[in-house]
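Have a look at the structure below, then the notes.
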Amino acid sequence: MALPPGPSAPAVVSTLRFMRRPLDMLAQWQARYGDAFTVRFSGFGTGVYVVDPDAICDLFTGDQSDLRAGEANSFMEPILGASSVLVLDGPQHLRQRKLLLPPFQGSRVAAFREVIREVAEREIAGWRPGTELVLRERMRALTFEVICRAVFGVTQPERVERLRKRLVAVIDSSPIFVIAPPARADLGRFSPGGVFARRMRAADAVLLEEIERRRLEPDLEERTDVLSLLLCARDEQGEAMSDSELRDELFTMLGAGHETTATALAFAFELLLRNPAVLARLREELEVGEDDAYLDAVVKETLRLRPVIDAAERTLTVPRTVAGWELPAGVKVYPAIALVHLRGSVPARARVSPAAVRRGRSRVVLVAALRRWDPALHRRRARARRDRRGAARGDTAGRAATAARAARPGRRARDHVGAQARRASRGRAGPAGHSAGSRSAGSLSAIGPR
Ligand code: HEM
């Protein structure tokens, strides 16, 4: 069974490239190989990225029993634990999901709003005009505090600090401990594996201590934090979760919810500050306070333009046709969230169809497509389109660029006027500081009904 085409570089090269610039690499591979492409990664094996929304829809609807999410995520087990909902499949996964359900029902989640508001207001109260903030760090501090309160139910500042110190030490450890099992070998106190093992033990100890302390709280049944609800939850046999299951789910929620949400929030600031009209409207809508429709749109558009997670993961247990390709069992399938969100950035004609590749015309189609998709030509055409629109409106950018071309000055002057025109036109559309966002950053200003 042939896999879709993909980079022929050794796995270690693809892995390093991907780790350095994940979104750029994914976009490049898609532009080169089409809507399904195969990448070999060190430590993760061979995976097929799927970008076509219809193929992803086929994958996620109907029978899922041959798709293993837990198996695909099993590299996280050394940190999250063997009972984590993220690394389980089948009936065990279902059991954990059912136990986790009560704390994540609508009304319970709505009750977290107040906790989140309080933590956010306290965080912002410490910000001073004129001082520099590293948004990602501030957002990480904020989301950690929210998780401590809403999930772990811990509010005392010194206990929050203790949790932060020990858990963040694990989360911030090098990814090498996750992807390369030999790196975890405990070869003594000062070996990297020894330091990592000590951090893990310290984190486990503090979590187990919080679980024990909560179990003994007299008001356990009235409490609304996730840990208290999980301590009261029972499965179909009337069994409660064990301490190690609780530890693993707490770690999972921290691992899955802390960094993701912090990154999304930091990008929300970035996009809103680049789009003052959207920020003004958001403030207005929040002050009027009728509903959260606009806020919801801003959140969703932020997550679309700046995807936090590049792909979901599934391992095939039996051969399956995905995006027109007969994939063998054991292959990982990556529904490419980030590429689906940014779809349209790559011209349709630059994509290669699996059928064409199978007929052996892949190189020809690919080379022709790449030739047609000359980035410089693309930029020139986009600029010309912008200038035409600008000229029709008679605005500054259009005039500057049209004048630049009409006068055909020397290279320096032309570049200067061209740059001015580009700056002016970026001002309208919203500039992009992100590899994949230049086209889409402007679309944030189109959120919501006009
Ligand atoms: C912007 C924020 C977030 C993003 C982008 C995000 C994204 C994701 C994605 C893509 C998956 C994999 C889904 C799949 O493979 O089917 C996932 C799973 C999961 N997430 Fe999140 N997540 C976010 C926040 C959170 C938060 C705040 C929590 C908990 C406090 C959380 C807990 C989980 C859990 C427990 C799973 C595993 C579910 C299962 O396997 O059944 N996530 N998330």
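Laboratory data are not the source of any read-out in this text; all were calculated from the coordinates shown. Everything numeric here is computed off the predicted structure, so don't read it as measured data. So basically every Cβ, Gly included, is an ideal-geometry build from the backbone, and we count neighbours across all protein chains shown.
Brief remarks follow.
- Rounded Å value of the spacing that divides the Cα centres of segment 218-279 and segment 47-104: 18 Å
- Inter-label distance, Phe41 to Val12: 1.8 nm, where each label sits 7 Å from its Cα along the C-beta direction.
- Multiplying the residue separation of Arg20 and Arg234 by 0.36 nm and removing their Cα-Cα distance gives an extension gain of 72.7 nm.
- As a calculated quantity, the FRET efficiency between Arg213 and Asp172 at R0 = 35 Å, using C-beta atoms, amounts to about 0.90.
- Counting only Cα atoms, the size of segment 1-129 along its three principal axes is 53, 49, 33 Å, in decreasing order.
- If the segment from Arg108 to Val299 were pulled out straight at 0.36 nm per residue, it would be longer than the present Cα-Cα gap by 66.7 nm.
- Here the gap between Thr321 and Glu161, fully extended at 0.36 nm per residue and compared with their Cα-Cα distance, gives a gain of 52.6 nm.
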